[in-house]
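Here the structure is laid out as structure tokens; the discussion comes afterwards.
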Amino acid sequence: MNCFNEEILQKFIDGELSYYEMEKASNHLDKCEDCMRLLNEQLKLYEIENDFEIENKINTKLAWDKLQNKIYKKGEIETMKNKRKFIVIAATIATLAIGVPVLGGDTITEFFRNNVLNDTLVNNGMIREDGTTVDTLEGGNFIPLDEKITSNGIIVHLTDLFVSKTKVSINYRIEDENGSLIPYTFNTDGLDIKDDGIENGKQLYPPTYYLDREKGIFSEMQYIQTDNENKLPFNIMKDEMTLVGNGIGIRTEQKDDTTEWTLNFVSFDDIPYPVKIDININKIGETEGEWKKQIEITEDMLNFESK
């Protein structure tokens, strides 16, 4: 990703970038001292340096709450202009060594294991109001999965699971009947495209399109969709109550430009096991179908010896 100009950084501060654009920008800021320096200069103009220490730590609970409102959000993207805090993912959280032992055999994929153990936002950046850091690896246990949900020739393949006191992570692939990942593509015909999500010929994130170009209102296309307005395609539930937005947030990590993701459900407090991961999908890409399943997660899955 190229370095930012002041206009892009202003949109980053105002929260006017999409979730995927925010993630790309944060990853770039993590590595680019020049852009980070320019961002700090912009922040000082807004006189918000007292809201968080940009070079040391961020108010991660605030960032997480705001980020959660962006994920799976349909329709208008809220503008944060002139507010004293803004959405940021984890541009400045330092990478720390993970010292908590976790179980799990060689069948756990490297992609999933790396996402669980090296996600610095979740593992090192979730700071409670009292200043303590949430240890999302406490009680952590890797569990191999091989659950497949098939509809209209497309398979949602759940391959890996991680369970700890405050985090449940699951890895899934969107496959064809031969077990190969299906293409990560979008049909943008007839849309007023803001960003096609393609870099160097690869579809790296969903396209964004204008709902009203003059007013600057835009939306993101959804690759995986549900027909239930009260649910997400992937959810975590206690009895009949959804926990996403009720103390639990979502963070996803995509494997390059493929249809494989790690999905993390993370809480500042202990997850009230037993819970269920609820999959409720009615459309993948351009294919409609019914991919539904629930996976029970119990306290027995934790590794209490890993404290």
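Bear in mind that the values in this text are calculations on the coordinates, not laboratory data. These figures come from a predicted structure and were not determined experimentally. Every residue, glycine as well, gets a Cβ built from its backbone with ideal geometry; the counts of neighbours run over all protein chains shown.
Values for this structure:
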item: Peptides ranked, highest mean first, by Cβ atoms within 10 Å: ranges 215-223, 144-152; result: 215-223, 144-152
item: Average Cα contact separation per residue, the stretch 174-307, under 8 Å, 6 or more apart, as relative contact order %; result: 21
item: Vicinal HN-Hα couplings computed from phi for the stretch 182-194 (Karplus, 6.51 cos²θ - 1.76 cosθ + 1.60; Hz; Gly/Pro x); result: 7, x, 9, 9, 9, 9, 9, 4, x, 9, 8, 6, 8
item: Fully extended contour minus Cα-Cα distance, from E110 to T188, at 0.36 nm per residue; result: 24.8 nm
item: GluC sites (Glu not before Pro) within the stretch 257-303: DSSP coil, no more than 13 neighbouring Cβ in 10 Å; result: E286
item: Whole-Hz ³J(HN,Hα) from phi, Karplus 6.51 cos²θ - 1.76 cosθ + 1.60, for the stretch 204-216, glycine and proline x; result: 8, 7, x, x, 10, 9, 7, 8, 8, 4, 4, 8, x
item: Relative frequency of Cα-Cα separations exceeding 22 Å in the stretch 163-271, percent; result: 48
item: Electrostatic dipole magnitude of the stretch 103-241 [Cβ: Lys, Arg +1; Asp, Glu -1; Cα centre; debye, to 20]; result: 220
